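Undergrad: Below is the structure I would like to discuss, written out as structure tokens.
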Amino acid sequence: MGYVRAVNETPAGRVVLLTTSHRVAPGLLSWPAWQALHGADDVLCADAGHPQLPYLREAGVDVKQAAPTAEELVRACAGGRTVLVVATAEGDRPLTDGLARLAGSGRHAMPDLELLPGSYDLPGARLLDLVQVMDRIRAECPWSSRQTHRSLAKYGIEEAYELVEAIEDGDRTELREELGDVLLQVVFHARIAEEDEEAPFSVDDVAGTIVDKLIHRHPHVFGDDTASTPEEVKAHWLRTKAVEKQRDSVTEGIPLGQPGLALAAKLASRARTAALDVPLPTGEGIGYELLAMAVRAESTGVDPEAALRAAARAYRDAIRTAETA
């Protein structure tokens, strides 16, 4: 009986499953991860090409290439030993499922099981996946590989309109999807831009440009200026933008290809912000009437495009009602 009790009381050991993110540079691991790696009796990894291995071995960690079954791993922990498994990119699902089955059977003295994240995804890490996926699609897809900035231009407009529609509908699921479609346009164009022979740039250049712009135009956040109201923030923005652009007219930079009501409202906004008292041009026809209405809407804080879309939706609903009457 004494012998049986001694066997049953033998420490079952510990299994540590170390996970890492491929979106974080190899070798950048948490301090608990390094402690576990140096303190383990055995460190195993099934993937001989795992990106972490060169850095672990350089740090003095003896990593053995092995893909033990759940039963083998449990036996390796007998006597209170700690075995650390560096998880592969696939997550070692057969091993974890096998350990779960053994634990559920109740017939095995199971070691302590610990899931230890060695590195975490930072906010925005999935954007790296998007860049990699787009790079492969550009290289291997017969349609995507032939697209140009000009051929994609119409899709940028369409996706922007679909995003606006999702916002106005209040559909959160649709909003998330449409934001992704708009983001795809940015990444797609940036990938195409890398191939330009005269002036190439990458998605990192695009991100760097907007980061620099945002920091420069928010001195109340990143500098010594102060702003306590939205109006003061807007004043900061306009001053820094004026210095950057050095434009001769407040109308410069306004895209004339945008919808007419939006164009009219934007022109009116620029004129009002610059304190310019500009009489509306007079003329015959509905265009001048729409111009006057758009300017009046903008002066009262109403987006004429959004207002017209709302009215058009009501008209659409009325048409559908008439069709079913």
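The values are calculated or read from the model by the stated rules, or taken from the named source; none is laboratory data. Small disclaimer: the values here were computed from a predicted structure and weren't measured. Please note: Cβ atoms are built from the backbone with ideal geometry, for glycine as well, and neighbour counts cover all protein chains shown. Surface accessibility is based on the protein's heavy atoms, side chains included, excluding ligands, DNA and RNA. Shrake-Rupley method; radii C 1.70, N 1.55, O 1.52, S 1.80 Å.
Undergrad: Quickly run through the stretch 84-94 and pick out the residues that are without any contact (Cβ under 8 Å) to a residue 60 or more places away in the chain and closer than 24 Å to PRO26 by Cα.
TA: THR88, GLU90, ARG93, listed by residue number.
Undergrad: Might you check whether a residue that is surrounded by 13 or more Cβ atoms within 10 Å (Cβ to Cβ), under 30 Å from GLU195 (Cα atoms) and touching a residue at least 40 places away in the same chain (Cβ under 8 Å) occurs anywhere in the stretch 152-167?
TA: Yes, the stretch 152-167 has at least one match.
Undergrad: Under 9 Å between Cβ atoms, which residue pairs at least 6 apart in sequence (or on different chains) link something in the stretch 187-206 that is among the polar types (S, T, N, Q) with a partner that is open to solvent by 60 Å² or more (accessible area, probe 1.4 Å)?
TA: Close Cβ pairs (under 9 Å, with a partner that is open to solvent by 60 Å² or more (accessible area, probe 1.4 Å)) amount to SER202/GLU194.
Undergrad: Among the numbered criteria (1) farther than 30 Å from ARG146 by Cα; (2) more than 23 Å from the chain's Cα centre (by Cα); (3) without any contact (Cβ under 8 Å) to a residue 40 or more places away in the chain, which single criterion is violated by ASP212?
TA: (2)
Undergrad: Ok, one more. Determine if the stretch 272-285 includes at least one residue that is of a type outside the set (Phe, Trp, Tyr) and within 24 Å of ILE157 (Cα to Cα).
TA: Checking the stretch 272-285: not a single residue is of a type outside the set (Phe, Trp, Tyr) and within 24 Å of ILE157 (Cα to Cα).
Undergrad: Further, regarding this structure: Considering only the stretch 127-140, state which residues are surrounded by 12 or more Cβ atoms within 10 Å (Cβ to Cβ) and more than 19 Å from the chain's Cα centre (by Cα).
TA: ARG138
Undergrad: State whether one or more residues within the stretch 308-319 are farther than 30 Å from GLU158 by Cβ, surrounded by 10 or more Cβ atoms within 10 Å (Cβ to Cβ) and within 37 Å of the chain's Cα centre (by Cα).
TA: Scanning the stretch 308-319 turns up no residue that is farther than 30 Å from GLU158 by Cβ, surrounded by 10 or more Cβ atoms within 10 Å (Cβ to Cβ) and within 37 Å of the chain's Cα centre (by Cα).
Undergrad: Please enumerate the residues belonging to the stretch 96-126 that are open to solvent by 20 Å² or more (accessible area, probe 1.4 Å), among the hydrophobic types (A, V, I, L, M, F, W, C) and without any contact (Cβ under 8 Å) to a residue 40 or more places away in the chain.
TA: ALA100, ALA103
Undergrad: Applying the selection to the stretch 169-199, what residues are open to solvent by less than 40 Å² (accessible area, probe 1.4 Å) and either polar (S, T, N, Q) or modelled with pLDDT under 95 (or both)?
TA: GLN185
Undergrad: Which ones in the stretch 232-279 are open to solvent by 60 Å² or more (accessible area, probe 1.4 Å), under 19 Å from GLU305 (Cα atoms) and over 35 Å from the mean Cα position of the chain (by Cα)?
TA: If the condition is that a residue be open to solvent by 60 Å² or more (accessible area, probe 1.4 Å), under 19 Å from GLU305 (Cα atoms) and over 35 Å from the mean Cα position of the chain (by Cα), then ARG272 is the only one that fits.
Undergrad: Kindly list the number of the only condition in (1) more than 20 Å from the chain's Cα centre (by Cα); (2) of a type in the set (D, E, K, R); (3) outside any loop (DSSP other than H, G, I, E, B) that fails for GLU177.
TA: The one condition GLU177 does not meet is (1).
Undergrad: Which members of the stretch 98-126 meet the condition of being of a type in the set (Asp, Glu) and within 31 Å of the chain's Cα centre (by Cα)?
TA: Residues satisfying the conditions are GLU114, ASP121.
Undergrad: Let me ask you something else. Filter the stretch 206-231 down to the residues that are of a type outside the set (D, E, K, R) and surrounded by 14 or more Cβ atoms within 10 Å (Cβ to Cβ), then identify the one that is modelled with the lowest pLDDT.
TA: If we take residues in the stretch 206-231 being of a type outside the set (D, E, K, R) and surrounded by 14 or more Cβ atoms within 10 Å (Cβ to Cβ), then ALA227 is modelled with the lowest pLDDT.
Undergrad: Okay, moving on. Mind checking which residues of the stretch 119-162 are on the phi < 0 side of the Ramachandran plot and either in contact with a Leu (Cβ under 6 Å, 6 or more places away or on another chain) or not in a helix (DSSP H, G or I) (or both)?
TA: SER119, TYR120, ASP121, LEU122, PRO123, ALA125, CYS141, PRO142, TRP143, GLN147, THR148 - these are the residues of the stretch 119-162 that are on the phi < 0 side of the Ramachandran plot and either in contact with a Leu (Cβ under 6 Å, 6 or more places away or on another chain) or not in a helix (DSSP H, G or I) (or both).
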